[in-house]
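The values are calculated or read from the model by the stated rules, or taken from the named source; none is laboratory data. This one's a predicted model, so the numbers in the text were calculated from it and none came from an experiment. Note: ideal-geometry Cβ built from the backbone for every residue, glycine included; neighbour counts use all protein chains shown. SASA here: full protein model, heavy atoms, side chains in, ligands and nucleic acids out. Shrake-Rupley method; radii C 1.70, N 1.55, O 1.52, S 1.80 Å.
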Amino acid sequence: MANSERKRIAVLFGGRSVEHEISIITGLQLIEAMDTVSLEPVPVYITTDGRWYTGDELLRRDFYKGLPGCLSSLKEVVLMPIPGKGGLSVLSEKKKGLMPEIFGAREPDLIPVDVYIPAFHGSYGEDGCVQGLFEMADVAYVGCNVLSASMGMNKYHCKMFLKSHDIPVLPAVLIDKEEMDPAGGGSLKAVKERILSAPGLESFPLFLKPASLGSSIGLGKARNDGELDAAIIEAFKYDSALIVEPCLEEKMEINISVMEGDGPVPRASVVEIPVAEEGGELTYEDKYIRGGGKKSGALSQGMAGLTRIIDPVDLDPKYKELAREFGLKIFKLLGCSGTARIDLMLDLKRDQLYFNEINTLPGSMAYYLWAKSDPVVLYTDMISHIIGRAELRCRTKRALERKIGFKALFKQ
């Protein structure tokens, strides 16, 4: 342990994603809820161009109004992918780089860290990228590993995997941006023909969204050919691949959170029904602005500020139980850790519940779903629990045999 009294917990947020500001909110909420008697938070802000900074100023929301100029008051750091280091290397104040240290001029100063908590959403943070760095550095970290994070981030591949394990999903087709490139024989017309000829997608309305993003960014609903053109172009602004599905006209969204238990069996929260302002698809504004911030003048609460019905009394108990069964099964199948939110879709016409997507690093860590669960799990206790599980996983991996000596290299 870096400190005999408190464990040092690096909370990483921001990052190279269009969900950058939502990640900041989640990171600050997490730090504010942390048990600071036993844990010492180390805020680590990653800029939109991928540079890492730390400093107590990051704990103030108004600090971010001064970006990027205010970064000069912080320490620039980096996590080196070298087992045994563990902490954050402070970059040279003069050169802002590691070249002198790499060539032996001196060892960089090290900020000790016991456990890392990624609080990212979207690209380069929720998708397995930073988890790979954690693995290379051999550090304890909260949440999913590389495989479960990357699988959960790609909506299409996640659905196809779960479909193979008898989890119901809607028909879908994956379109790569390269299919639009005339240089390779592609075109918008060809893309639309492939979409409309896919089984289950032969008629409008259709729902389109980036394959590996969240927060309702880049999503679109197409009721006709012209809207399909616009939705394709909009989704490709944010991702190199998009997923297309039929749009259920009479539906209800049902979400549930799942968290690691004390052993191999995870536990599920109560369910929620999120409420869109127009009664249609949830938008970025529904999730992050309508509940606070621009309209009310209050600080945004991230996903916690979304209008929602938690543990709805008038929802048929069979759907609650089915959502729980799906959530627990999906969490285990994907090999998830930490806490996740599983989003489901109820087709009211066909009385069928479908898997929609999983958020392996959910907005606000989905703490609001545990506040009304039985038993209640407070956000502070959740954080302490998933930190403990992260340390256990790290100890288990470090106990594995990694060296068998040189046998094949010098074989005569």
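Okay, here's what the table says:
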read-out	value
Cross-link pairs beyond the 27 Å C-alpha cut-off, checked among 155/329; 65/209; 159/372; 237/329	65/209; 159/372; 237/329
Cα principal axis extents for the range 184-248, largest first, Å	34, 28, 20
Residue with peak Gaussian network fluctuation, the chain [Cα springs, cutoff 10 Å], from 172, 198, 241	198
Three principal axis lengths of the range 299-412 [C-alpha, angstrom, descending]	73, 37, 28
Estimated inter-spin distance, residue 72 and residue 412, nm [label 7 Å along Cα→Cβ]	6.7
At least 15 Å along the helix axis (C-alpha) and Kyte average at least -0.5, DSSP helices within the chain	20-33, 225-235, 317-333
Exposure rule at most 13 other beta-carbon atoms within 10 Å, DSSP loop GluC sites (Glu not before Pro): the chain longest free segment	279-400
Mean residue ellipticity (222 nm) of the chain, computed from DSSP H runs ≥ 4 via -39,500 (n - 2.57), nearest 500	-8000 deg cm²/dmol
Distant-in-sequence amide H partners of residue 80 (H built 1.01 Å from N, under 5 Å)	89
For the range 100-199: rounded, prolate or oblate by the Cα gyration tensor [a/c cutoff 1.5]	oblate
With every protein chain in place, the chain: carbon and sulfur % of accessible area (1.4 Å)	54
The range 141-244: trypsin sites (Lys or Arg not before Pro) falling in loop per DSSP and having at most 16 other Cβ within 10 Å	223, 237
Volume of the Cα convex hull of the range 154-281, divided per residue and given in Å³	141
Inverse of mean 1/r across different Cα pairs in the range 1-77, Kirkwood, Å	12.9
Along each principal axis, Cα extent of the range 104-143, largest first, Å	37, 19, 15
